[in-house]
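Since the structure comes first, as structure tokens, the remarks are kept for the end.
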Amino acid sequence: LSVGLIVHGLNEQERRAAYADDVIYGTNNEFGFDYLRYNMALHPSSMVQRELHYAIVDEVDSILIDEARTPLIISGQAEKSTNLYHTFSRLVPRLVPEQDYSIDEKARTVNLTEAGVAKMEKMLKIDNLYADEHTELTHHLQQALKAHVLMKKDRDYVVKDGQVIIVDEFTGRLMFGRRYSEGLHQAIEAKEGVKVEHESQTLATITFQNYFRMYEKLAGMTGTAATEEEELRKIYKLDVVVIPTHKPMIRKDLTDVVYKTQAAKFRAVVEEIARRYETGQPVLVGTSSIEKSELLSQMLKRHGVPHQVLNAKYHEKEAEIVAQAGRLSTVTIATNMAGRGTDILLGGNPEFLAQAELKKQGNDLPLEALKKEPLYREVLTRFEHQTDEEHKKVVALGGLHILGTERHESRRIDNQLRGRSGRQGDPGSSQFFSALEDDLIRQFGGDNIQGLMNRLGIEEDMPIEHGLITRSIETAQKRVENRNFELRKHILQYDDVMNQQRELIYRQRRQVLQGENLKDVIAQMIEETACRLVDACCPEGVHPEEWDLTGLLSQFEQLFVTGRPLTGKRDAFLAEMENTPFSRRQEIKDKLRDYVLAKYEERETELGAEILREIERVVLLRVVDEKWMEHLDAMDDLREGIGLRAYGQKDPLVEYKRESYEMFQKMIAAIQEEVARYVFRVKVVQEPQVQPQQLVENRYAEEEVQRPARREVKVGRNALCPCGSGKKYKKCCGRAAG
């Protein structure tokens, strides 16, 4: 079997070579973006990704559940000003919490109160914030509220080198190259005082959920799938099989310790870390955010406890830090990223230690190259003796201790942290420290525990440690998991509507690229466009005398007659039709259909079948891409406001399906009409044969001399330029025309 690798930065030829192999390794992002690029290709040679037969996904729960709703988006720059982001970034901080806006932490939403609306209207000097003409203002206001109130620096994002970088809530890693959509990222940039990038326009998008469901066969591996068995079965039709551990698991999972306040909890955490450090036992501390990890680091410094910090700010050292987290007297503070899938060797990793030692001596070769060096073997042997001795001592102390400073919403994430210890039959232990002020307990389970602590008269620094507490927290986690599952399932119902439309468009697009003869397809488009024009000008149920036959024939001339714009004379057949009384719509349809199909045959004779087929292929691809892009924007707008239909006693999902179907049908009609217009109006121009000496003289001439416009119809300023450059008309040939 041949093996290929898909990574960021490969060119088209390298990607094609990799996809030609039997087994292809790569990241979910690269495969997803390649699928979108494959379906935006303008030439068969650019279609590098093969059919989606069989995918095996590593850490399958992370991809199919945690990142299920993450959309992959290929976008182009939209031409909108960024001024409003700066305006609202100045205005929102003037609002008073609770008085001017309310926060729903469970739903992660923030809404203005009546007082807040009045204050904002006064600051903006408008009468009605929610009037139709102010929809753009309300959109920017909502994003600014989210940015200032809900999004927290060093938890949801970091600011690095003048850029706002998203932090993955599940792994704690920085997500370079990803941006929040719908203007939220720009609102955060304005809040943080960095350069506000222009909004983008979506060209193509898909979620991981829909991408991986397209594979004929799907499988995956993870150490923490059992808690998500129902979702994997219902959404992906995947069964979960639990494989027994290679060696018996002897880790001790201690009951949770709960404090009244976070301050008391962190004091207790520091004392526990210091106690275990003094004995020499290695400790891995899990925190929920960068902010919490740095707070704990400062407290440990004050207590004189040496430690390493592993969070998104220092992710470059992740492998090195995690590899040594099992050494004697080592304290490692980590966010959720904590080396998932990495075995933490008790006593340390001799290979990493040997590599680090040689690097100090100036040898920067990669590990595989280092292994061939004679000096490496000598250094490695020395460290193997050292780590073997340390391993025995760490095992005697009870192995690696995991200390969680907060319960995550998902039990799976907690299990992943616990799973860093007790691997391959090693001893270990784990315990979670919580506080009633922690997000999970405060939102979903705090009242019962708070009542119990008050009845028992427990003071701030006194912990409560009982199986009942652990069960209460796990019950809260189950409630959150069920809510999140229902939310993902609900969103999937909406996504499925879009997915069906995308699959239809992409399938037809592939057929065009793969050389299908388009004559019958284009003829059908022309015929259906003609019939729609008749239906619009001669509506059913209206008396024939009231039909707008003149308007109908004028539209036909604009679409289907090539001579009219030049001569100003009406086509003889249409002139005759205008003076013919009709009593039946079908009679008009039949005559006009026969007429336009005959004109289509004339067009083929005029240009030649081969040239016309190529024109049809390029035109169809460009028009489909342009209309699909507009449709994506319209669907986003529909999705954003569809929830309000519930106030009118209507099911938002039913309304979304109905309206999206109508919008899709309108898009198809617009594609057909635009393609028909291009096919009849396009003008083939021979490129002038330029002599070599003329080429030297004319090298600074305007580009339009070398690339004339190729159609006679009026082009919209925001439409793609018909010359084939891929630019908007106003940025290309339209610049000279204007």
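The values are calculated or read from the model by the stated rules, or taken from the named source; none is laboratory data. Keep in mind that what you see is a predicted model, and the values were worked out from it rather than measured. Please note: Cβ atoms are built from the backbone with ideal geometry, for glycine as well, and neighbour counts cover all protein chains shown.
Which members of region 104-130 meet the condition of being part of a strand (DSSP E or B), exposed (fewer than 15 other Cβ atoms within 10 Å of the Cβ) and either modelled with pLDDT of 90 or more or not hydroxyl-bearing (S, T, Y) (or both)? Reasoning before the result, please.
Of the residues in region 104-130, the ones part of a strand (DSSP E or B) are 104, 109-112.
Those still in the list that are exposed (fewer than 15 other Cβ atoms within 10 Å of the Cβ) too: 104, 109, 111.
Residues satisfying the conditions are D104, N111.
Determine which single condition S429 fails, assuming it passes every other condition in (1) of a type in the set (S, T, N, Q); (2) over 24 Å from T287 (Cβ atoms); (3) modelled with pLDDT of 85 or more.
(2)
Given the criterion at pLDDT 90 or above and either over 30 Å from I413 (Cα atoms) or surrounded by 13 or more Cβ atoms within 10 Å (Cβ to Cβ) (or both), identify the matching residue among R69, R90. Explain how you work it out, then say what you get.
Values: R69 fails: at pLDDT 90 or above.
One residue alone meets the criteria, R90.
How do the pairs read when you match residues in region 84-106 that are in contact (Cβ under 8 Å) with a residue 12 or more places away in the chain with residues anywhere that are among the charged types (D, E, K, R) and crowded, with 17+ Cβ neighbours inside 10 Å, using Cβ under 8 Å and keeping only pairs 6 or more apart or on different chains?
Y85/E189; S89/K191; R94/K119; L95/K119; D100/K119
Can you tell me how many residues within region 201-226 are assigned to a strand (DSSP E or B), under 30 Å from W628 (Cα atoms) and either in the same structural domain as L184 (by TED's automatic domain parsing) or in contact with a helix residue (DSSP H, G or I) (Cβ under 8 Å, 6 or more places away or on another chain) (or both)?
Of the residues in that region, 8 qualify.
Taking L52 as the residue in question, decide whether it is over 22 Å from R617 (Cα atoms), part of a loop (DSSP other than H, G, I, E, B) and not polar (S, T, N, Q). Before you say what the answer is, go through the steps one by one.
Working: over 22 Å from R617 (Cα atoms): yes; part of a loop (DSSP other than H, G, I, E, B): yes; not polar (S, T, N, Q): yes.
So L52 passes the test.
If I ask for residues that are closer than 19 Å to T332 by Cα and loosely packed, with under 13 Cβ neighbours inside 10 Å, which ones from region 227-275 would you list?
Hits for region 227-275 are E271, R275.
Name every residue in region 14-44 that is free of Cβ contacts under 8 Å to residues at least 24 places away in the same chain and either under 23 Å from V618 (Cα atoms) or in the same structural domain as M629 (by TED's automatic domain parsing) (or both), in order of residue number.
Y38
Would you mind telling me which numbered condition in (1) part of a helix (DSSP H, G or I); (2) β-branched (V, I, T); (3) within 30 Å of E481 (Cα to Cα) V57 fails?
Of the numbered conditions (1) part of a helix (DSSP H, G or I); (2) β-branched (V, I, T); (3) within 30 Å of E481 (Cα to Cα), the odd one out for V57 is (1).
Output the qualifying pairs, or none if there are none: Cβ atoms under 8 angstrom, residues six or more apart or on different chains, first residue in region 628-654 and free of Cβ contacts under 8 Å to residues at least 40 places away in the same chain, second residue part of a loop (DSSP other than H, G, I, E, B) and surrounded by fewer than 16 Cβ atoms within 10 Å (Cβ to Cβ).
R645/D651
Just to be sure before I move on: is N499 part of a helix (DSSP H, G or I) and either of a type outside the set (S, T, Y) or closer than 28 Å to F680 by Cβ (or both) in the structure I sent? Spell out how you get there, then give the answer.
On the way: part of a helix (DSSP H, G or I): yes; either of a type outside the set (S, T, Y) or closer than 28 Å to F680 by Cβ (or both): yes.
Yes.
Given the conditions (1) modelled with pLDDT under 85; (2) under 17 Å from L533 (Cβ atoms); (3) not aliphatic (A, V, I, L, M), report the number of the one that D590 does not fulfil.
Going through (1) modelled with pLDDT under 85; (2) under 17 Å from L533 (Cβ atoms); (3) not aliphatic (A, V, I, L, M) one by one, D590 breaks only (1).
Does at least one position in region 526-545 carry a residue that is in a helix (DSSP H, G or I) and farther than 22 Å from E673 by Cα?
We begin by selecting, within region 526-545, every residue in a helix (DSSP H, G or I); these are 526-537, 544-545.
Of the ones still in play, those that are also farther than 22 Å from E673 by Cα are 544-545.
Checking region 526-545: at least one residue is in a helix (DSSP H, G or I) and farther than 22 Å from E673 by Cα.
Quick one: R155 ticks every box in (1) surrounded by fewer than 18 Cβ atoms within 10 Å (Cβ to Cβ); (2) at pLDDT 85 or above bar one, so which box is it?
(2)
Residue-by-condition table, conditions (1) assigned by TED's automatic domain parsing to the domain that holds E318; (2) within 36 Å of the chain's Cα centre (by Cα); (3) assigned to a helix (DSSP H, G or I); (4) among the hydrophobic types (A, V, I, L, M, F, W, C):
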{"position": "K359", "(1), (2), (3), (4)": "no, no, yes, no"}
{"position": "L375", "(1), (2), (3), (4)": "no, no, yes, yes"}
{"position": "V379", "(1), (2), (3), (4)": "no, no, yes, yes"}
{"position": "K392", "(1), (2), (3), (4)": "no, no, yes, no"}
{"position": "E406", "(1), (2), (3), (4)": "yes, yes, no, no"}
{"position": "I413", "(1), (2), (3), (4)": "yes, yes, yes, yes"}
{"position": "L417", "(1), (2), (3), (4)": "yes, yes, yes, yes"}
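Would you confirm, using the coordinates I've provided, whether H148 is buried (at least 17 other Cβ atoms within 10 Å of the Cβ), in contact with a Lys or Arg (Cβ under 7 Å, 6 or more places away or on another chain) and not small (G, A, S)?
Details: buried (at least 17 other Cβ atoms within 10 Å of the Cβ): yes; in contact with a Lys or Arg (Cβ under 7 Å, 6 or more places away or on another chain): yes; not small (G, A, S): yes.
So H148 fits the description; yes.
Would you confirm, using the coordinates I've provided, whether R178 is charged (D, E, K, R) and either assigned by TED's automatic domain parsing to the domain that holds A68 or in contact with a helix residue (DSSP H, G or I) (Cβ under 6 Å, 6 or more places away or on another chain) (or both)?
Working: charged (D, E, K, R): yes; either assigned by TED's automatic domain parsing to the domain that holds A68 or in contact with a helix residue (DSSP H, G or I) (Cβ under 6 Å, 6 or more places away or on another chain) (or both): no.
When the stated conditions are applied, R178 does not pass them.
G398 - would you say it is modelled with pLDDT of 90 or more, assigned to a loop (DSSP other than H, G, I, E, B) and more than 41 Å from the chain's Cα centre (by Cα)? Talk me through it step by step, then tell me what you get.
Numbers: modelled with pLDDT of 90 or more: yes; assigned to a loop (DSSP other than H, G, I, E, B): yes; more than 41 Å from the chain's Cα centre (by Cα): yes.
Spelling it out, G398 is indeed modelled with pLDDT of 90 or more, assigned to a loop (DSSP other than H, G, I, E, B) and more than 41 Å from the chain's Cα centre (by Cα).
Which helices (runs of 4 or more DSSP H) does region 227-315 wholly contain that include 1 or more residues that are under 26 Å from D66 (Cα atoms) and at pLDDT below 90? Talk me through it step by step, then tell me what you get.
Details: elements: 229-236, 262-279, 290-302.
In region 227-315, 229-236, 290-302 are the helices (runs of 4 or more DSSP H) which contain 1 or more residues that are under 26 Å from D66 (Cα atoms) and at pLDDT below 90.
Has region 644-653 got at least one residue that is in the same structural domain as Q555 (by TED's automatic domain parsing), within 18 Å of E527 (Cβ to Cβ) and either under 27 Å from the mean Cα position of the chain (by Cα) or hydrophobic (A, V, I, L, M, F, W, C) (or both)?
The first filter runs over region 644-653 and keeps only residues in the same structural domain as Q555 (by TED's automatic domain parsing), leaving 644-653.
With the extra rule that they be within 18 Å of E527 (Cβ to Cβ), the set shrinks to none.
Checking region 644-653: not a single residue is in the same structural domain as Q555 (by TED's automatic domain parsing), within 18 Å of E527 (Cβ to Cβ) and either under 27 Å from the mean Cα position of the chain (by Cα) or hydrophobic (A, V, I, L, M, F, W, C) (or both).
Is there a residue being in contact (Cβ under 8 Å) with a residue 12 or more places away in the chain, in a helix (DSSP H, G or I), touching a strand residue (DSSP E or B) at 6+ places or on another chain (Cβ under 8 Å) and among the β-branched types (V, I, T) anywhere in region 437-444?
Within region 437-444, one or more residues are in contact (Cβ under 8 Å) with a residue 12 or more places away in the chain, in a helix (DSSP H, G or I), touching a strand residue (DSSP E or B) at 6+ places or on another chain (Cβ under 8 Å) and among the β-branched types (V, I, T).
Could you please let me know if R50 is touching a helix residue (DSSP H, G or I) at 6+ places or on another chain (Cβ under 8 Å), touching a residue at least 12 places away in the same chain (Cβ under 8 Å) and surrounded by fewer than 15 Cβ atoms within 10 Å (Cβ to Cβ)? Outline the logic, then answer.
Details: touching a helix residue (DSSP H, G or I) at 6+ places or on another chain (Cβ under 8 Å): yes; touching a residue at least 12 places away in the same chain (Cβ under 8 Å): yes; surrounded by fewer than 15 Cβ atoms within 10 Å (Cβ to Cβ): yes.
Criteria met by R50.
Answer with yes or no whether H140 is in contact with a Pro (Cβ under 9 Å, 6 or more places away or on another chain), touching a residue at least 12 places away in the same chain (Cβ under 8 Å) and surrounded by 19 or more Cβ atoms within 10 Å (Cβ to Cβ). Quick ask: steps written out before the conclusion?
Working: in contact with a Pro (Cβ under 9 Å, 6 or more places away or on another chain): no; touching a residue at least 12 places away in the same chain (Cβ under 8 Å): yes; surrounded by 19 or more Cβ atoms within 10 Å (Cβ to Cβ): yes.
Against the criterion (in contact with a Pro (Cβ under 9 Å, 6 or more places away or on another chain), touching a residue at least 12 places away in the same chain (Cβ under 8 Å) and surrounded by 19 or more Cβ atoms within 10 Å (Cβ to Cβ)), H140 does not qualify.
Is it the case, given these coordinates, that D426 is farther than 30 Å from E230 by Cβ and surrounded by 14 or more Cβ atoms within 10 Å (Cβ to Cβ)? It would help to see each step written out before you state the result.
Details: farther than 30 Å from E230 by Cβ: yes; surrounded by 14 or more Cβ atoms within 10 Å (Cβ to Cβ): yes.
Yes: the conditions hold for D426.
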